[in-house]
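K.L.:
Take this structure first; my questions come after.
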Amino acid sequence: MNTDHIAVPVRNNPIVERFVTLQGQINGAGLLARHRGFYVTLFSLLLLAYGAAWAGFGLIGNSGFQVLIAVALGVLMTQFAFLAHEAAHRQIFTTWKANDWFARLVAICLAGISYAMWQQKHTRHHSNPNVIGKDPDIRPGFVVFYDEAAAARPRVLHFIAKRQGYVLFLLLPFLGISLQVDSYRHLLGKGRVDHRALELAILTVRICAVPALAFVFLPAPLAIAFTLIQQGVFGFYMGATFAPNHKGMKVFAAGDRVDFLTRQVRSSRNITGNWAMDFLMGGLNHQIEHHLFPTMPRPALRQAAAIVQRTCAEEDIPYTSTTLRASYRIVIKYLNAVGHGRGSVFDCPLANNLRQPQDPGRLTSSGKPRSP
């Protein structure tokens, strides 16, 4: 019997279809349109602040107030990193080339990290958020993020298990240095790296320039403090911005079959707040919308959140949104639970109570409307 022409029924996936509908709503609302004026204004203001900080460095001279300049520079480095992140996601310019070069130059010259390193690492994270063995952001290290990694931890590190949630925040000031080390490892590695020589040259000049200026114009003790404080603020600010977004959320095994919408929403957490929080976190407080629509510009994320919340409520997908302070408590509690080998069954009541949208209609932790 010839079966070549027998039609095979196609099974529709309702959630996949719902994401297609969600994409249509987002496009119809114009939320993927570029906001070039916003980014030009923001970049200009940050450059002015950066220039003012260095002018202050020159005017203040040998003074303890240089600590304030170091803090300001660390904050500005992080803000520039946010801009590079947005350009790398094609949020600023209409062409790939313009976004790519803007992200590269801002990341290397102003944030002091390799764009090539960050791009390959962050791309893997977006493709598989919180997926064991695939997401580099949950790769086991001094702190582990899931039970299997905790069980495999060397015995010498068991002493930190019960308090590794606190250890994470103690390590954040060193994140900037870690990113620079990773930058050189990537650029000096054997794999293909676009513009390897250019990035190496600019990155080396950038990393050496700040300590050189500090030691030329300041006494050695103050120069050391200036350099370390700037790096520490940069690392802590970066880490404290990224940590609330996924830590303590659903972790997936490498073989789990989960649709795109469910995976991105369940592995991400939003942080509530107004426009000031949007600025403070570089738009990453709308982590769910950013993961669903990576090319969406920062000014559109808040409006998109209301649309995504409705979709999640209709599909019974938990949409988690909480305050920044509460998110840190959740992260610490979760990591401590992982240290005890209980992360896979972790269910934080605080997280469930605070899983609510930013509009007047509240959702339960399952994503359904909460009764009045």
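The values are calculated or read from the model by the stated rules, or taken from the named source; none is laboratory data. The structure presented is a predicted model; accordingly, all values stated were derived computationally and were not measured. Backbone-built Cβ (ideal geometry, glycine too); neighbour counts: all protein chains shown. Calculation scope for accessible area: heavy atoms of the full protein, side chains included, ligands and nucleic acids excluded. Shrake-Rupley method; radii C 1.70, N 1.55, O 1.52, S 1.80 Å.
K.L.:
Quick check: residue separation of A209 and N62 times 0.36 nm, minus the Cα distance between them. What number comes out in nm?
P.N.:
Length gained, A209 through N62: 51.1 nm.
K.L.:
Might you report the magnitude of the Cβ-based charge dipole of the chain about its Cα centre, with Lys and Arg at +1 and Asp and Glu at -1, to the nearest 20 debye?
P.N.:
Dipole about the Cα centre, nearest 20: 500 debye.
K.L.:
Show log10 I(q)/I(0) for segment 215-265 at q = 0.15, 0.16, 0.20 Å⁻¹, two decimals, from a solvent-free Debye sum over equal Cα scatterers.
P.N.:
Computed log10 I(q)/I(0) values: -0.61, -0.64, -0.79.
K.L.:
Can you list, largest first and rounded to whole Å, the semi-axes you get for segment 44-198 by taking the square root of 5 times each eigenvalue of its Cα gyration tensor?
P.N.:
Gyration-tensor ellipsoid for segment 44-198: 31, 24, 14 Å.
K.L.:
Could you grab the relative contact order for the chain? Cα pairs under 8 Å, six or more apart, rounded to a whole percent.
P.N.:
For the chain, the relative contact order is 21 percent.
K.L.:
Once you put a point 7 Å from the Cα of D194 and another 7 Å from the Cα of F260, both along the Cβ direction, what distance in nm separates them?
P.N.:
2.1 nm
K.L.:
Collect residues whose amide H, placed 1.01 Å from N in the peptide plane, falls under 5 Å from the amide H of F252; neighbours closer than 5 in sequence don't count.
P.N.:
Hits under the 5 Å cutoff: V131, I132.
K.L.:
Sticking with this structure for a sec: First compute the accessible area of the chain with a 1.4 Å probe, then give the percent of it belonging to carbon and sulfur atoms.
P.N.:
Summing carbon and sulfur atoms, their accessible area is 64 percent of the total for the chain.
K.L.:
Right, here's the next one. With just the Cα atoms of segment 175-326, tell me how far they stretch along each of the three principal axes, in Å, largest first.
P.N.:
Projected onto the principal axes, the Cα atoms of segment 175-326 cover 61, 39, 26 Å.
K.L.:
Between H122 and I307, what is 0.36 nm times their sequence separation minus the Cα-Cα distance? Round to one decimal in nm.
P.N.:
64.0 nm
K.L.:
May I ask you to derive the FRET efficiency for R185 and L32 from their Cβ-Cβ distance with R0 = 41 Å, giving the value to the nearest 0.05?
P.N.:
Using R0 = 41 Å, I get an efficiency of 0.75.
K.L.:
Let me ask something additional. At a Förster distance of 35 Å, what's the computed FRET efficiency of L45 paired with H340, Cβ-Cβ distance as r, to 0.05?
P.N.:
Here the calculated transfer efficiency is 0.15.
K.L.:
Another one. How much FRET efficiency would the formula 1/(1 + (r/R0)^6) give for E17 and F159, where r is the Cβ-Cβ distance and R0 is 45 Å, rounded to 0.05?
P.N.:
0.35
K.L.:
Output the Cα-based Rg and Dmax of segment 61-102 in Å, rounding Rg to one decimal and Dmax to a whole number.
P.N.:
Considering segment 61-102 through its Cα atoms, Rg and Dmax are 15.3, 46 Å.
K.L.:
Hey, another quick one. Please give the peptides 290-301, 245-256, 204-215, 37-48 ranked by average Cβ packing (other Cβ atoms within 10 Å per residue), highest first, as a rough proxy for protection.
P.N.:
Result, highest mean Cβ count within 10 Å first: 290-301, 245-256, 204-215, 37-48.
K.L.:
Follow-up. In whole percent, what relative contact order does segment 145-231 give with Cα contacts below 8 Å and a gap of six or more residues?
P.N.:
Relative contact order, segment 145-231: 23 percent.
K.L.:
Report the relative contact order of segment 87-233, percent, no decimals, based on alpha-carbon pairs under 8 angstrom and at least 6 residues apart.
P.N.:
Taking the mean separation of contacting Cα pairs over the length of segment 87-233, I get 24 percent.
K.L.:
Considering the chain as a Gaussian network with a 10 Å cut-off on Cα pairs, which listed residue, R302, R124, R192, attains the greatest mean-square fluctuation?
P.N.:
Most flexible of the set in this elastic network: R192.
K.L.:
Let me ask another. Under 10 Å, Cα contacts only: if you run a Gaussian network model on the chain, which one of N285, N128, N270 comes out with the highest mean-square fluctuation?
P.N.:
N128
K.L.:
Can I ask one more? Running a GNM on the chain with Cα contacts under 10 Å, which residue among D147, D182, D194 ends up with the highest mean-square fluctuation?
P.N.:
It is D194.
K.L.:
Suppose all protein chains stay in the model; what accessible area per residue would a 1.4 Å probe give for the chain, in Å²?
P.N.:
Dividing the accessible area of the chain by its residue count gives 48 Å².
K.L.:
Give me, ordered by chain and number, the residues 5 or more places off H89 or on other chains with an amide H under 5 Å from its own placed amide H.
P.N.:
Result for H89 returns nothing.
K.L.:
In Å, what Rg and Dmax follow from the Cα atoms of segment 138-183?
P.N.:
11.4, 31
K.L.:
If one computes the Cα centroid of segment 277-343 and of segment 129-153, what distance in Å separates the two points?
P.N.:
So the two Cα centres are separated by 20 Å.
K.L.:
How large is ³J(HN,Hα), in whole Hz, for each residue of segment 203-215 in order, when computed from phi with the Karplus curve 6.51 cos²θ - 1.76 cosθ + 1.60 and θ = phi - 60°, using x for Gly and Pro?
P.N.:
Ordered by residue, 3J(HN,Hα) equals 4, 5, 4, 5, 5, 7, 5, 5, x, 4, 4, 4, 6 Hz.
K.L.:
Between K97 and I177, what length in nm is gained on full extension when 0.36 nm per residue of separation is reduced by their alpha carbon distance?
P.N.:
25.9 nm
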